[in-house]
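These notes are about the structure you will find just below.
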Amino acid sequence: MKFASLLAATAVSLIAVPAMAQEGRDLSRDFNGAYVAVGGGATLQGSDRGETLVFDTDGDGTYGDTVRTSGGTDFFAPGFCNGAANGAISEGCRNDKDGVEFFGRAGYDKRMGNFVLGALVEGGHSAARDYVSGFSSDGDSYTMSREADYIVSTRLRAGFTPGGGALFYVTGGPTYARLDNKFSTTDTDTAFTDNGKTNAWGYSAGGGAEVMLTQNLGLGLEYLYTDVKDKDYTVQAGAGAAPINDPFLGQGGTDIRRSDPHFRTHSVRGTVSYRF
């Protein structure tokens, strides 16, 4: 895992809290009860190898059809890329865009000796954007992208505290995302419409470390993997200024969507918490 070394190094630094921060405190009260937290960090895109655009050319709701030219050849024979097109296929593609994220959290922990069980609700925003592009035989490019306007997650948390005001935990649970989808193309002849923002459901899972600096104030570091699924976003290609033999028109039009409905992200984030 690309973030494993960062997570481990920061976790070690977190538990190396100066002894003076622990003096005069009842450590048995740590990680017990209600808390609120805010945080932020970086969201990185995974490698979506092999993703393409897929097509429904006859309106039967089944994707996987081939868009063909008037001569019967594959209109998308030049291929696809896992990124944003720079122009023609010879100009290549830009990688998916990593971005910052920020969030707020409310939760409750129950400490039982050295073990901690809890639940939390979290909401936030990430600026990471995921792209896929296709290239047609007449030199045009077609790009779909998506970004989470906001993400809401409810997760359980289970951890172990060896003492000294430190907690190591794993976390996971269901996640909802409101996705901001966009479509761009160099094709100025065909008319394209889309359904914009869509709903996606999935899960988040990860782990982290947290230390208490005072009886109420804590700092933490967390890694979180999120996978949400959206099959609702589509782009419809219809008659515009294109000639009647436009490959997209076929039997009345073509619907386009991504071959992979999963939007996956990796996040490394820091947290500041206050316990009541």
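The numbered conditions (1) part of a loop (DSSP other than H, G, I, E, B); (2) of a type outside the set (Ser, Thr, Tyr); (3) surrounded by 13 or more Cβ atoms within 10 Å (Cβ to Cβ); (4) out of contact with any Lys or Arg (no Cβ under 7 Å at 6 or more places or on another chain) are all true for Phe80 except (1). Looking across Val211, Val170, one residue alone is aliphatic (A, V, I, L, M), open to solvent by 50 Å² or more (accessible area, probe 1.4 Å) and in a strand (DSSP E or B). It is Val170.
Quick grid of which residues meet (1) within 14 Å of Ser145 (Cα to Cα); (2) open to solvent by less than 40 Å² (accessible area, probe 1.4 Å); (3) within 28 Å of the chain's Cα centre (by Cα); (4) not β-branched (Val, Ile, Thr):
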position: Val38; (1), (2), (3), (4): no, no, yes, no
position: Gly46; (1), (2), (3), (4): no, yes, yes, yes
position: Arg49; (1), (2), (3), (4): no, no, yes, yes
position: Ser70; (1), (2), (3), (4): no, no, no, yes
position: Asn95; (1), (2), (3), (4): yes, no, yes, yes
position: Glu101; (1), (2), (3), (4): no, yes, yes, yes
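Filter the range 177-194 down to the residues that are part of a loop (DSSP other than H, G, I, E, B), open to solvent by less than 70 Å² (accessible area, probe 1.4 Å) and not β-branched (Val, Ile, Thr) and list them by number. Of everything in the range 177-194, just one residue is part of a loop (DSSP other than H, G, I, E, B), open to solvent by less than 70 Å² (accessible area, probe 1.4 Å) and not β-branched (Val, Ile, Thr), namely Asp187. For the criterion of being within 27 Å of Ala209 (Cα to Cα), under 19 Å from the mean Cα position of the chain (by Cα) and in a strand (DSSP E or B), Val116 fails. Checking each residue in the range 246-262 for being open to solvent by 10 Å² or more (accessible area, probe 1.4 Å) and part of a strand (DSSP E or B) picks out Asp255, Arg257, Arg258, His262.
Quick check on the range 119-131: of everything there that is open to solvent by 20 Å² or more (accessible area, probe 1.4 Å), of a type in the set (A, V, I, L, M) and assigned to a strand (DSSP E or B), which residue is farthest from Gly159 (Cα to Cα)? So, considering only residues that are open to solvent by 20 Å² or more (accessible area, probe 1.4 Å), of a type in the set (A, V, I, L, M) and assigned to a strand (DSSP E or B), the one farthest from Gly159 (Cα to Cα) is Val121.
The values are calculated or read from the model by the stated rules, or taken from the named source; none is laboratory data. These numbers were taken from a predicted model, which means no experiment stands behind them. Here the Cβ is made from the backbone with ideal geometry for all residues, glycine too, and neighbour counts use every protein chain on show. Note: areas computed on protein heavy atoms with side chains; ligands, DNA, RNA excluded. Shrake-Rupley method; radii C 1.70, N 1.55, O 1.52, S 1.80 Å.
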